[in-house]
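Since the structure comes first, as structure tokens, the remarks are kept for the end.
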Amino acid sequence: MSQGDPLKNYRITEHPILEFKRGKKKTFTYNGELVEGYENESVLAALYAAGIRVFSKSKVLGNPRGAFCMIGKCSSCLMEVDGVPNVRICTIPVKDVKNVKSQSELANPPATSSFPGNRPANINVDVLIVGGGPAGLFAAIHAGKYGTNVLIVDDHYFLGGQLVKQTHKFFGSKDLFSGIRGFEIAKKLVNEIEQNSNVQAVTQTTVFGIYDGLTVGAYDHKNRRLLKIKAKQVIVATGASENYLVFENNDLPGVMGAGAAQTLMNVYGVKPGERALIVGAGNVGLIVAYQLMQAGVDVVAIVEAMPRIGGYFVHAAKLRRYGVPIYTSHTIKKAHGKNYVEGATIIAINSRFNEIPGSEKYFEVDLICLAVGLNPYSQLLAQAGCRMAYIPELGGLVPLRNKYQETTVSGLLVAGDVSGIEEASTAMLEGGIAGITAIINIRGKKLKDAFMDREKMLAKLEEIRSGPVFERIRKGLEKVIVSG
């Protein structure tokens, strides 16, 4: 497996905002060799800190594969962990593992005797929430206010979703955490969940299906057991995955989603590279570029296919002050390297997005961050039988729903990026609306306060979406919001 300089320290020791609480040191074996990590970090983060960049190989051509999403939504880091194959090591903590092996061939399923019991554990709840990000947490908080039994299921080993890696301060109103950094918002929401005895959370658990009668199938990775969860209402808040981009060698290790780079440096304190090229000058690209610089990474340039910067001026201004060039009407043409990224070529494009020959520029980089949008992680909703529609303005395939976040499947609700790509503030409001709607559906018209709270959230959501920045979102919502 390809490695960086074994004498180099890839861990971030000083940061202007963050203090990394990695916990105690812990060792595990990787392909028979001892690796040192920390109990609070993922196996992938520990391997990355050790200089390892190749985590798997493509099964057809044998091409190396590196970290891409870091949130358990891709297959780039599948490995065998303590005898179980096809484990995403980006969502498994070091404290829980002893032996990790790379998989060079198709995995053989483990013997059924290695799993405790032959029947799934049965769980009954009032409200089941799939996903513990901003939408899921807000849904749980507001559903739990009314004395009902709420369960959150998340496939990561901690709650908070994408908030945990956001170091910038949020815009907006005070009731939606204006002026507070994302990771601090996550702590507040998780603490509120922990203080509510009506809400329980199960982590490291993947929901794989929603069946008739709102029966949910899930797998508990930590305890190696199947779960059969019966709920009166189910809220899906699974978020989104990062988009890929087509260019030569786009699968080289070192090409990763911008969010993955954020996870490595802001959650685990591991530098994702030394010299970075950012593809995409929307808010995500601009914010991640600045955060890379805070982590000690040299950002050589940002490229943007559109003729103008898509993100807020305040974010672009920070980068310009530090001399980071932003090439609009440019795109990446090729990543260079054999086993990992060693360079990148960009090229200018015309108004029809055709390449302009002779305009190529080469940069020596070991990291290419793709900030080219998100795709709703909506497969579970499609499997459950929801009516779906492909809406470009909302990022892709999303469920039809009413203003109360109810899908076309009775008892199944949706909230956050899985219902359309927006931002954390709207995701939280959608979560709150879905959580209250679930309670109203269970307990009828007895809860006057719940109806009032929901109307306030609906009004706040409409207010936020009324601005010019949300014009595209409003057009998309017109295509999916059904009466009811």
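Every helix of 4 or more DSSP H residues in the chain counts as -39500 (n - 2.57), and over all residues that averages to -7000 deg cm²/dmol at 222 nm.
The phi torsions of the stretch 138-145, fed into the Karplus equation with coefficients 6.51, -1.76 and 1.60 and a -60° offset, translate into couplings of 5, 4, 5, 4, 7, 6, x, 5 Hz, rounded to whole numbers, with Gly and Pro shown as x. Rolling a 1.4 angstrom probe over the stretch 284-374 with all protein chains present gives an accessible area of which 52% lies on carbon and sulfur atoms.
Across all Cα atoms of the stretch 356-459, the radius of gyration (one decimal) and Dmax (whole number) stand at 19.1, 70 Å. Summarising the strand pairing of the chain, around 55 percent of its internal DSSP beta bridges are antiparallel.
Cα centroid separation, the stretch 217-289 to the stretch 380-420: 21 Å. Remark on the stretch 177-296: ratio of C-alpha radius of gyration to 2.2 N^0.38 Å is 1.39.
For the stretch 340-413, trypsin sites (Lys or Arg not before Pro) meeting the loop criterion (DSSP other than H, G, I, E, B) and having at most 10 other Cβ atoms within 10 Å: Arg352. In the context of the full set of protein chains, residues of the stretch 344-484 present 47 Å² of accessible surface per residue (probe radius 1.4 Å, heavy atoms only). Applying the Karplus relation 6.51 cos²θ - 1.76 cosθ + 1.60 with θ = phi - 60° to the stretch 35-44 yields 3J(HN,Hα) values of 10, 9, x, 10, 4, 8, 10, 6, 4, 4 Hz, where x marks Gly and Pro. In plain terms, the C-alpha convex hull of the stretch 366-414 casts an average shadow of 4.5 nm² when viewed from every direction.
If you average 1/r over every pair of different alpha-carbon atoms in the stretch 268-371 and take one over that average, what Kirkwood value in Å do you get? Result for the stretch 268-371, one decimal place: 13.8 Å.
Exposed loop sites here mean GluC sites (Glu not before Pro) with a DSSP loop assignment and at most 11 other beta-carbon atoms within 10 Å; the chain contains its longest site-free run at 106-484. Applying 1/(1 + (r/R0)^6) with r as the Cβ-Cβ distance of Arg321 and Glu14 and R0 = 30 angstrom yields a FRET efficiency of 0.90. Averaging 1/r across all pairs of distinct Cα atoms in the stretch 1-98 and inverting the result yields a Kirkwood radius of 14.2 Å. In sequence order, the stretch 367-378 has phi-based couplings of 9, 10, 9, 9, 10, 10, x, 10, 10, x, 8, 10 Hz under the Karplus curve 6.51 cos²θ - 1.76 cosθ + 1.60, θ = phi - 60°, and Gly or Pro positions carry x.
The values are calculated or read from the model by the stated rules, or taken from the named source; none is laboratory data. Every value quoted in this text rests on a predicted model; they were computed, and no experiment measured them. Here Cβ is always computed from backbone atoms with ideal geometry, including for glycine, and neighbour counts include all displayed protein chains. Side chains included, ligands, DNA and RNA excluded: accessible areas come from the protein's heavy atoms. Shrake-Rupley method; radii C 1.70, N 1.55, O 1.52, S 1.80 Å.
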